[in-house]
Every structure is written in structure tokens, then in C-alpha cells.
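Accompanying notes for the structure given below.
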Amino acid sequence: MPETFPSLNPSLRAWLQAGAAHFRPENIVVCDGSEAERERIQSAMVGDGTLIPLDPQTQPRSFLYRTDPSDVARTEHLTFICSDDRDDAGPTNNWMSPAEARTRVWPLFEGAMRGRTMYVVPYLLGPVGSIYSRVGVQITDSPYVVLSLRIMTRMGRVALQHLGAGDDFVRGIHSLGDLHPDRRFILHFPAEAEIWSIGSGYGGNALLSKKCHALRIESARARREGWLAEHMLILGITSPARVTHYVAAAFPSACGKTNLAMLVPTLPGWTIDTVGDDICWMHPGADGRLWAINPECGMFGVAPGTGPKTNPNAVRALRHDVIYTNVALRRGGRPWWEGLSKLEHGEVLDDWRGSPWVTGKASPAAHPNARFTVPLQQCPTASGTFDAPEGVPISAILFGGRRARVAPLIYEARNWAHGVYVGATLVSETTAAATGDVGVPRQDPMAMVPFCGYNMGDYFAHWLKVGKSLPRAPRIFHVNWFRTDASGRYLWPGFGDNIRVLQWIFDRLSGKASGQETPIGVVPRQEELDVEGLDLSPDRLRELLAVDREAWSQETRRVGEFLRSFGDRLPSALRNEQAVQVKRLLLAASHLN
Ligand code: SAT
Ligand code: MN
């Protein structure tokens with residue numbers, strides 16, 4: 001094991017030396033991000049059977065990786081914020097004191113890399129040459145994580161160049177440990193900009209650049225510095241009149257962010273530019289607008305449900321150079337998941353665990369949280385704006401969730417403070433992206449509950465403050481593609497037809513659509529939504545846009561309880577918004593629109 005890292009800057013070197021002495025790896029590899037390095041790691045993994053090459057004819061340079069069956073989704077109950085004061089983590093986070101972290105978790109790292117290689121992965125979050133970009137360095141003993149980070153971030157030399165002689169990098173340590181859930185912890189130290197993760201090799205638990213760094217650590221830094229680190233896609237939309245607006249949209253994990261980020265408009269003349277599908281950093285610009293960058297340059301998308309109808313651009317992005325995780329495998333080396341394509345009757349596949357699976361079997365062949373990891377530039381709608389150092393100006397922010405009932409297709413907040421209330425009271429039904437029950441409604445403010453690195457009461461106050469400082473703040477909307485009728489059928493076709501909802505947003509921005517006031521915000525008048533060519537009766541459209549007083553009164557009561565859980569950290573402006581909504585509902589007629 002080398003004693004020094006001669007080519008690295010002194011603060012990085014000192015940190016790595018201390019780490020190596022504790023983790024005791026057999027070898028150390030400092031990653032440069034080169035093709036040769038990728039090939040070396042790939043062939044070693046193919047050699048030991050951990051990476052399965054797919055059919056080179058139809059899936060060039062693509063691979064399948066299977067995680068341990070007990071390690072297939074983020075584990076929120078094992079994820080902690082380690083701040084000195086418990087109140088700084090707040091009621092929506094698990095908290096562990098830094099002292100307990102040192103006595104309970106640090107020892108698990110002792111000798112954890114024995115017999116393994118310790119990879120040092122410098123990465124850059126954000127475009128090369130951008131003043132908004134940040135450097136992180138992840139130490140890991142998982143070569144799968146190295147290959148994934150190589151897709152998700154600008155990795156290797158480019159990151160070290162950005163860092164130069166500086167000390168300003170997020171320190172991430174990651175070991176698979178023994179993969180036992182009893183010894184699995186994902187810890188964040190926002191004040192020190194450090195992340196410790198042990199016992200998981202999956203997604204957001206292990207690719208520390210993503211939720212751990214770009215969201216939990218950076219959200220805390222963003223608060224100190226006056227900007228926003230958010231769980232949002234970034235999408236450019238150009239109308240037939242060649243007007244372009246960029247929108248940022250927050251949805252909880254596995255609620256269709258990737259689909260919306262690259263939708264194929266069903267209305268003629270509209271085009272899309274995919275800037276990001278998961279994370280968005282927004283800074284107030286000199287022109288009074290919010291400017292957004294995508295810190296990542298790859299996608300870690302949910303495979304099941306992704307198909308030629310639902311997301312043709314994602315399917316096109318997957319033609320080559322993909323790492324699949326926990327999908328099923330067809331004979332001949334083609335990946336498969338529910339929703340991708342029809343199988344032959346009686347066809348036998350390997351399921352996500354590698355066991356034989358026959359068509360018609362009740363349990364799915366791919367894990368519901370199976371993923372594809374692919375460079376964003378392979379997506380046909382990615383025009384390269386994700387590389388723009390200054391980012392893109394945001395005209396509108398969308399909050400959305402999965403709601404079978406209550407929430408209409410779209411409504412607009414009355415102003416920024418009301419918009420923060422709409423985001424703070426976001427509810428969505430849970431998905432397979434995290435362990436636990438699926439389909440249960442939960443409060444998920446700004447889709448950030450699993451990802452906010454500090455007390456969410458303070459986070460709401462920060463949002464209010466940023467908005468106040470913006471002469472040209474984005475307008476704020478709430479959308480819900482998932483409303484169902486009494487028999488449980490979706491009322492809205494979704495996917496490419498969501499352009500019709502985006503068109504209404506354009507019309508609101510230009511002043512063309514007046515909408516209709518309701519106690520919860522402004523809802524489209526029926527005639528303002530272009531539904532031509534849809535199989536959508538006026539009755540169903542009315543149901544889709546309906547704001548029901550009884551349902552909203554109940555909702556508002558529940559929301560009130562949730563907001564109270566933040567105690568005196570809840571900003572008074574949100575308490576006011578809550579009171580206003582209660583009052584407006586009381587005064588309203590039972591059918592509000
Ligand atoms: O956190 S992950 O990156 O594993 C997936 C998600 O929740 O979006
Ligand atoms: Mn996400």
C-alpha cells in the first residue's frame with residue numbers, strides 16, 4: 001500500500017492517508033476518469049462475475065449489475081444528519097450526535113477494506129468552468145460505484161483541476177462493509193461537509209455524489225450562501241412561436257421526473273430541451289431571476305414502466321453504454337423490465353436475482369426499483385444546456401406528487417409565499433424508491449423530506465427569504481398527473497400529453513390565460529386547456545380540475561398538524577398562509593369551480 005499520494009494536493013493527501021490507515025485496503029487506485037481506467041475496472045468485474053456483459057450487437061458496452069437482495073432501495077431509517085444540536089436536523093430527519101457517530105459507526109470502518117481496493121474518486125458537480133460547481137471526493141471499495149460515478153458526474157482529472165490547491169471539497173467515505181442492514185449507516189455532517197456510508201452498495205446510499213452530497217450537504221451550504229439545492233428536474237420548453245421557458249419541477253422519487261424531463265410533446269410545434277432529471281441548483285442572478293444548473297451529467301432512472309410509449313427518448317438513450325441494476329435478463333443478453341416490451345409466450349428469463357422466471361409469473365421479473373445509469377448526453381432531447389456554466393433562467397417551478405384524489409391536474413399559487421406553502425404541504429403516495437410500504441400518502445415538502453440536510457422549518461424560511469430577494473421570481477404551480485375516477489382509472493393520459501398542461505403555464509406567464517380563482521389557487525378554466533384529440537369528456541375534465549371543499553378542508557386540517565410539528569421553527573408567513581386557506585375554504589361554496 002503506498003504511503004503517500006504524491007500528485008495530490010496536501011489537504012486531500014492528508015485526508016486520504018488517514019482514511020487508508022483506518023480502512024486498510026489492499027490497494028489504492030486514484031481514479032483519473034480515463035477510458036483505459038473504465039476498461040480496466042470493467043474487465044476485472046466481468047472476470048470475477050460481478051458485472052454481466054450484455055449482447056454486444058444490440059447493447060454495445062452495456063452491463064447488468066445485481067445488488068444484494070437486501071440492498072435494493074434507499075434506506076431512510078438508516079440515514080442520519082449529524083449536527084451538534086438535534087434541533088438543527090429537525091423533525092423530518094433522523095439525528096445522531098457526532099460523538100455517537102464516532103463511537104458507533106467509525107469503528108465499523110476499521111479494516112473494512114481489507115483484501116479490497118480503495119478507489120479514490122474525485123468528481124465535479126456542475127459544468128466545467130462554472131462558478132456554481134463543487135468538488136467532492138468519494139473513497140469507495142465498490143468498483144460498481146466507481147463506474148456509476150463516472151457516468152453520473154464529471155469524474156477524475158477534471159475535478160482535481162477544479163479543486164487545484166484548495167481545501168474546499170466534500171469528503172465522502174463509503175464501504176460496502178458486510179452489507180448487513182444491522183451495520184448499515186448513511187451519515188451526513190453538514191458543518192464539516194462530510195459523508196460516511198457503510199453497509200450498502202445501492203444507488204443513493206452508495207453514489208454519495210447524488211442525494212448525500214448534491215442535496216443533503218449542499219442544501220445546508222445553500223442556506224448559508226443564499227441559494228437553493230433542490231430535488232428537481234430542469235426542462236426547457238419551446239412553443240410553436242419560438243418562445244422558450246425553463247421550468248424546474250419537484251416530484252418525490254419514482255413519480256415520473258425522468259419521463260417529464262424528456263417528454264415527447266403530442267401538440268405540434270413544441271420542442272423540449274432536457275437539462276436535468278433529478279437535481280437542480282438555483283442561484284439568484286444579477287438580472288433578478290433564478291438561474292439553474294444540473295450538478296449531474298448522467299441519469300439514474302427507474303427502469304420499470306419505461307418503454308417506447310411512456311418515454312421513447314429514454315429508450316433511445318439506452319442504445320449503448322448503459323449500466324443496468326437489478327433488471328431482468330432475456331436469453332441472448334438483452335435487458336428487460338415490466339413495461340419495456342412484450343415477451344414471447346412461455347419465454348424464460350433470469351429475474352433480477354438471477355433465478356429463472358417464466359412469463360405470466362405473478363411476481364415481477366425486474367425489481368420495481370431497478371435502474372439504468374446512462375450519460376445524459378445520450379438522450380436525444382439533451383442539447384448540451386446542462387453544460388452551460390451560467391445555467392438556465394427559471395420561469396416556473398412545479399411541485400407535484402402522486403395523488404389519486406383531492407389535487408386537481410394543475411393550479412397556480414397566488415404569489416411566492418403562497419407557492420412556498422404549496423410546496424411545504426406537498427403530499428405524495430410512497431413508491432419503491434425507498435424501502436417500506438408503497439402507495440401510502442405522506443407529507444413530502446418540496447419532495448425534499450428524504451434529502452434536506454437541516455431542519456425543514458428553517459428550510460421553509462430560507463425559501464421565503466430567497467423569493468423576497470428576487471425581483472423576477474419564478475411563478476409556482478402544483479401539478480398532479482395521477483388523479484383517478486371512482487373506479488380507480490387515471491383521468492389524465494399523462495406523458496406526452498402533459499405538454500397541454502405546460503402550454504397553460506405558458507399562457508399564464510404571457511397573461512393569455514386568466515384561470516379561475518379558488519381557495520387553493522388559480523385553476524384553469526375548462527376552455528383554457530387544449531384537450532383536442534384526447535378521449536376526455538367534459539365531465540371527466542371537470543372532475544380533473546375540481547376543487548372539492550370537503551376534501552380540501554380535511555386535507556388542510558392534516559397539513560396544519562404536519563406544519564405544527566416544526567414548532568417555533570415554522571415561519572410565521574406559512575402559519576398565515578395556513579390560516580388564509582382555512583378561511584377561504586370556510587367562505588367558499590361546496591363546489592368551488
Ligand atoms: O436515491 S436514489 O438515487 O437511490 C433514487 C431516488 O430516490 O431517486
Ligand atoms: Mn430523485
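The values are calculated or read from the model by the stated rules, or taken from the named source; none is laboratory data. Here the structure is a predicted model, which means the values were calculated and not measured. Ideal geometry is used to build each Cβ from the backbone, glycine not excepted, and the neighbour counts take in all protein chains shown. Just the protein is used for accessible areas: all its heavy atoms, side chains included, with ligands, DNA and RNA removed. Shrake-Rupley method; radii C 1.70, N 1.55, O 1.52, S 1.80 Å.
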Over the Cα atoms of the stretch 112-271, how large are the radius of gyration and the largest Cα-Cα distance (Dmax), in Å? 18.1, 62
Rounded, prolate or oblate: which one fits the stretch 179-310, using the alpha carbon gyration tensor with axes a ≥ b ≥ c (rounded when a/c is under 1.5, else prolate when a/b beats b/c, else oblate)? oblate
More than 21 Å apart: what percent of Cα pairs in the stretch 67-180 qualify? 52
Under 15 Å Cα to Cα from residue 211, which aspartates and glutamates show up? Leave out anything in the same chain fewer than 8 places away. 76, 194, 230, 277, 278, 296
Taking 7 Å along the Cα-to-C-beta vector as the label spot, tell me the residue 106-residue 405 distance in nanometres, rounded to one decimal. 5.1
Of the heavy-atom accessible surface of the chain (probe 1.4 angstrom), what whole percent is carbon and sulfur? 52
Before anything else, pin down the relative contact order of the chain: Cα pairs under 8 Å, at least 6 apart, normalised by residue count, whole percent. 14
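Counting only heavy atoms of the protein chains, get the accessible area per residue of the chain (1.4 Å probe) and round it to a whole Å² value.
38
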Could you rank the peptides 48-55, 156-163 by their average count of other C-beta atoms within 10 Å per residue, with the highest value first? 156-163, 48-55
Residue-by-residue Karplus 3J(HN,Hα) for the stretch 230-237, coefficients 6.51, -1.76, 1.60, Hz, glycine and proline x: 10, 8, 9, 7, 10, 9, x, 10
Could you work out the helix-only [θ] at 222 nm for the chain, with each DSSP H run of four or more residues adding -39,500 (n - 2.57) and the total divided by the number of residues, to the nearest 500 deg cm²/dmol? -7000 deg cm²/dmol
Considering only DSSP states other than H, G, I, E and B, which GluC sites (Glu not before Pro) in the stretch 1-110 qualify as loop sites with at most 15 other Cβ atoms within 10 Å? 3, 26, 110
What ³J(HN,Hα) values, in whole Hz, does the Karplus curve 6.51 cos²θ - 1.76 cosθ + 1.60 give for the stretch 339-350 when θ = phi - 60°, with x put for Gly and Pro? x, 7, 6, 7, 9, 5, 4, x, 5, 9, 10, 8
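Do any of 257/465; 257/309; 309/342; 210/468 go past 24 Å between their Cα atoms, and which?
Beyond 24 Å between Cα atoms: 257/465; 210/468.
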For the stretch 289-406, averaging the sequence separation of alpha carbon pairs under 8 Å that lie six or more residues apart and dividing by its residue count, the contact order in percent is 38
